[in-house]
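Undergrad: Pasting in a structure now, in C-alpha cells, and then I'll have a few things to ask.
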Amino acid sequence: MGLTTGGWIFLIIAWGCVISLTVYCFTRVLKSEKERS
Amino acid sequence: MPGNGEREQWGSKIGLILAVAGNAVGLGNFLRFPVQAAQNGGGAFMIPYFIFFLILGIPLMWIEWGIGRHGGRFKHGSAPGMFDVLWKNKLAKYFGALGLFISMTILIYYTYIESWTLGFSIFSASKLYFNETTADAMRNFLYSYQGRAVGDHFSSLLPAYLLMLVTFFLNFWVLYKGISKGIEKLAKIALPLLMIFALILAIRIMTLGTPDPLHPENSVGAGFGFIWNPNLTLLSNPSIWLAAAGQIFFTLSVGMGTIHAYASYLKPKDDIALSGLTTAATNEFAEVVLGAAIAIPVAVAYFGLNETQLFAKAGAFDLGFVSMPLIFQKIPLGAFFGSLWFLLLFFAGITSSVAMGQPVVAFLEDEFGMSRKKAVGALAVVVMIAVQFVVFFQKYGFLNEMDYWAGTFGLVVFALIETVLFMWVFGADKAWAEMNEGGDFRIPKIFYYLMKFVTPLVLFVLMIWWFIDTAIPTLLLNGVADQDKPYYWGSRILMVVLAILILLFVKKAWGNHTKKNEIQAE
C-alpha cells in the first residue's frame, strides 16, 4: 500500500517543520556571521 | 596550535555548528531512524518523536552547550573539570569522569564499525560483492569480512584489520591537527558532502517508482507508506513513546561529553542559543528528511514489505550492509550509488568519531598541561590496544557488550547527572543566564521549566525503564550462548580497567591542581 492521506499529512507536516526550522536557523546564522564580519 | 596554556578556538561559527552537527549526524540517522519509525507506528511515531525532540532533545542540546561554554571559561574542556566548577564537591569531578569513559569506549568500537563503511565503499566501487545475489550470500560476505564466517572473498581478518588501521589513522590525524585546522576543516568538507550524497541517493530512490512491473505492490511509494502511514492506535502503547525518546536521545549524540568539549572552545559571549538549535535542526534534516527517504523505501521497492520487515527486525546493520548492497546490484550505476551510500555513512561516522576523541584529548591538555601531540598520542595508544579485542572478538559479542553499557545505558545516566547538576545544583537561574548569554535570540521561557522539571523527569523514567527492560537481562547475560560468555566478561573487564584508569587520572590531575595552588599560595 502506498501513502494514505494520513501518511501524506504526516510526511508533509514532518518534512515541512524540519526543513523550515533548518532553513530558518541557517539563515539567521549566516546573517549574524555577515553582521559580525 | 597555541601553546603556553592558551586554548584553541573555532575558526568560525558555521564551522562549529557543522562540527557539532557532524557529531550528531551518524550511522543512526540513516539506519536506525527509519527502522524505528517503521516498527513503531509509522507516521504516528512522529508525534512522540517531535514531542521528545522539544522536551528532551533541544533542552539537552542547550544544557550541554551551556555546561561546555561555562567550563571553557575556566579552561576545562572535559566533563570532570566542568562538573567541578558547577558543583563545589569532591565527587563532582568523578561524576564527570563518566563523560570521558563513555566517549572513549564508544570511540574504541565505533572506529571499527566506521571502517566497514569505508571497506564497503571500496567493495561497491570495485563490484566485489556483485555476485552475491541473495540475502544469505550477502550476509555471508559481510560476516566473512568481519571474520565471523568462512567465505569466498575473505580468508582472514586482514582486509578488515587494514581498513580499521586506515580509519584509525585518519581519525587521529584529524584530532592531531586540532580544533580549527582538523575537526572544523573536516566538518566543513564532510558534512556538506554527506548531505549532497544523501540528496543524490534520495532523489535516485524516489524516482525508481515500481522497479518490477510484475509486483506493483513493491514500490518506493509503498516504502514511504510503510514509514509514514500512521497507526494511531499504537499511541496508547508506552513502549512507542519510550522508543521515540530513545531515538531522539541517540540521534542527537547527547550524554557522551562530546558537545561539552566542542562548546568549551567558545568565547564567553559567543552565541549558544541559535547554534544549539541549528545543530539539532541539521541533525533532524539528515534524519527525518534524508534518512527516511533512502534505506527503507528502496528496500520495500525491491524486496517487498515482508522481507523489508525481516531486514528491519534483524537490525540496522542488516539493512545497511546486506539489503542495500543487494539493491545496488540491481539498479543502473549501482557501483557508483553503492560507493556513494557507504561513503556517506563513512563521513557520518568520522565526523562523530573525532568528536568522541576530543573530550579525552582536552582533558589531558587542560588538566595535565600536555601538548596536543602528546595527548592525541596517549589516546591513540589506549584506543589501539583496546580495539584489538573488538576486532578479534567481535564475533563473540565483545562489541555488543561495550555498545550496551557505554553507548546505550551510560548515555542516559550521564545525561541525567548533567541535567541535575546544571539545573538543580548549579541553579536553574544561573544556568538559564549562562545559556542566554550572548545569544542571537532569547530562548523561550517555557524551556526554563522544561529543562528544570520535564527533561530530568523524562531521563529518569527512561533510565529506570531501560534498567528493568534491558540492563538487568544484559547484566545477567540472558540469551548469550555459553561459549560467548567469557568474551562478554572480557568486555566488561576491559571497560572496568578503562574506568579505573580514567578515575585515577582524574584523581592525579586534581592532586596536581592542589599542589600547584599550595605552591602559588606560598
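The values are calculated or read from the model by the stated rules, or taken from the named source; none is laboratory data. Predicted model only: the values in this text are computed from it and were never measured. For neighbour counting, all protein chains shown are included, and Cβ atoms are generated from backbone atoms with ideal geometry for every residue, glycine included. Remember, those area values only see protein heavy atoms, side chains included, never the ligands or the DNA or RNA. Shrake-Rupley method; radii C 1.70, N 1.55, O 1.52, S 1.80 Å.
Undergrad: Enumerate the helices (runs of 4 or more DSSP H) found wholly within segment B:393-470, keeping only those where 1 or more residues are within 23 Å of B:A499 (Cα to Cα) and open to solvent by 40 Å² or more (accessible area, probe 1.4 Å).
TA: Result: B:398-404, B:410-420, B:455-466.
Undergrad: Related question: With the structure loaded, tell me whether B:L118 is under 21 Å from the mean Cα position of the chain (by Cα) and surrounded by 23 or more Cβ atoms within 10 Å (Cβ to Cβ) or whether it fails that test.
TA: So B:L118 fails the test.
Undergrad: Let me ask something else. Out of B:F303, B:F368, B:F285, B:F336, which single residue is open to solvent by 10 Å² or more (accessible area, probe 1.4 Å) and within 14 Å of chain A (Cβ to nearest Cβ)?
TA: Criteria check complete, one pass: B:F285.
Undergrad: Related question: Out of the residues in segment B:249-270 meeting the condition of being surrounded by 24 or more Cβ atoms within 10 Å (Cβ to Cβ) and within 14 Å of chain A (Cβ to nearest Cβ), tell me which one is farthest from B:R442 (Cα to Cα).
TA: B:T251
Undergrad: Of a type outside the set (S, T, N, Q), buried (at least 23 other Cβ atoms within 10 Å of the Cβ) and in a loop (DSSP other than H, G, I, E, B): does that describe B:G81?
TA: It is false that B:G81 is of a type outside the set (S, T, N, Q), buried (at least 23 other Cβ atoms within 10 Å of the Cβ) and in a loop (DSSP other than H, G, I, E, B).
Undergrad: B:S144 versus (1) over 24 Å from B:L310 (Cα atoms); (2) surrounded by fewer than 22 Cβ atoms within 10 Å (Cβ to Cβ): which is the lone unmet condition?
TA: (1)
Undergrad: How many residues does segment B:199-237 contain that are within 10 Å of chain A (Cβ to nearest Cβ) and over 20 Å from B:V300 (Cβ atoms)?
TA: So the count comes out to 1.
Undergrad: Continuing with the same structure: Pick from segment B:471-519 the residues that are of a type in the set (G, A, S), more than 17 Å from B:N400 (Cβ to Cβ) and more than 25 Å from the chain's Cα centre (by Cα): which of them is most open to solvent (accessible area, probe 1.4 Å)?
TA: B:G511
Undergrad: Mind checking which residues of chain A are under 8 Å from the mean Cα position of the chain (by Cα), β-branched (V, I, T) and facing chain B (nearest Cβ under 8 Å)? Spell out the reasoning first.
TA: First pass over chain A, keeping only residues under 8 Å from the mean Cα position of the chain (by Cα): A:15-24.
When the remaining residues are screened for being β-branched (V, I, T), the result is A:18-19, A:22-23.
Within chain A, A:V18, A:I19, A:T22 meet the criteria.
Undergrad: Considering each residue of segment A:14-32, count those that are exposed (fewer than 14 other Cβ atoms within 10 Å of the Cβ) and more than 15 Å from B:F441 (Cβ to Cβ), and give that number.
TA: Result for segment A:14-32: 3.
Undergrad: Let me ask something else. Check whether at least one residue in segment B:238-248 is hydrophobic (A, V, I, L, M, F, W, C), more than 10 Å from chain A (Cβ to nearest Cβ), in contact (Cβ under 8 Å) with a residue 60 or more places away in the chain and farther than 15 Å from B:Q39 by Cα, and report yes or no.
TA: yes
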